[in-house]
Amino acid sequence: MMILLSSQFRASDPPIDSGSGLPIPPAGHEESQRDNESLSKGVDSAVRDGEQKARVPDYKPRYLFARIAVFLIMLLWVVAGFSKVRDISAFVDTVQQHKVLPESAQAFMWWVGPAELVMGLLLVFVMGSELRKPFGKLVLLVSMGCIGGFMYYLSLVDPVVLQESGCGCLSDYRIASGMENSVRFFAYGRNLILLILHVVALLGPAMVDSRYRARMKAANH
């Protein structure tokens, strides 16, 4: 009987747990099992991350409407500046007829045309790569301030004088109209549209970014 029992329990057999009657796993088995579980969790996490990245839309904001607004503003500065440079004497004569600025300040009018061309050149960079950067916002704010200052200047000109001499925006070019105070109304309307375009160029990208972040957040959940 003893010989039979000894033959059934060989040295290579794992020891038996007296409580459960099951074989006791060899040393290091638990660590190996934990390593396998960690590896499985890591693989699952990588798969989930890959699925989330795959769900993120491949889209980058282009700020199309803001860039169109900047282009229109730039176009007006370039056209206005070129018309003044082409016939600067006519522009200076128009400013003198307005009788708003003192004679000492009228000499500065010779530099208005080149300054407008420089503003148009800066807006080209804003439209390209500086739209969301501080420099681009600063250029747009300066441009907006100049438009507002010009509207204030027109409010100081006598309506009769303004109707006869023109605003000087495009040198001596004026739109023919029989409407009373047409020069003032056309100038105000154009400048109001320009101010709206400035608002679109300044606030439009921020609104687009907000919608883009919301879309990214929704795609990641």
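Bear in mind these aren't lab numbers, they're just calculated from the coordinates by the rules spelled out. These numbers were taken from a predicted model, which means no experiment stands behind them. Here Cβ is always computed from backbone atoms with ideal geometry, including for glycine, and neighbour counts include all displayed protein chains.
In whole Hz, what ³J(HN,Hα) sequence does segment 197-210 give by Karplus (6.51, -1.76, 1.60; θ = phi - 60°), x for Gly and Pro?
Values, residue by residue: 4, 5, 5, 4, 5, 7, 9, x, x, 5, 5, 5, 4, 4 Hz.
Could you give the length gained by full extension between M207 and L156, i.e. 0.36 nm per residue of separation minus their alpha carbon distance, to one decimal place?
Separation in residues times 0.36 nm, less the Cα-Cα distance, equals 14.7 nm.
For S165, S143, S182, S155, what's the fewest-to-most ordering of other Cβ within 10 Å of each Cβ?
Least crowded to most crowded, the residues run S155, S182, S165, S143.
Got a sec? How would Y63, Y188 order by Cβ neighbour count within 10 Å, fewest to most?
Y188, Y63
Treating the beta-carbon of each Lys and Arg as +1 and of each Asp and Glu as -1, no other charges, what is the dipole magnitude of segment 64-219 about its Cα centre, to the nearest 20 debye? Could you put the intermediate results ahead of the total?
Numbers: 14 positive and 10 negative charges, 225 e Å.
Its charge dipole is roughly 1080 debye.
Can you sort E116, E164, E103 so the residue with the fewest Cβ neighbours within 10 Å comes first?
Final ranking by Cβ density, sparse to dense: E103, E164, E116.
Out of every Cα pair in segment 64-219, what percent are spaced more than 26 Å from each other?
Looking at segment 64-219, the distances longer than 26 Å represent 33 percent of pairs.
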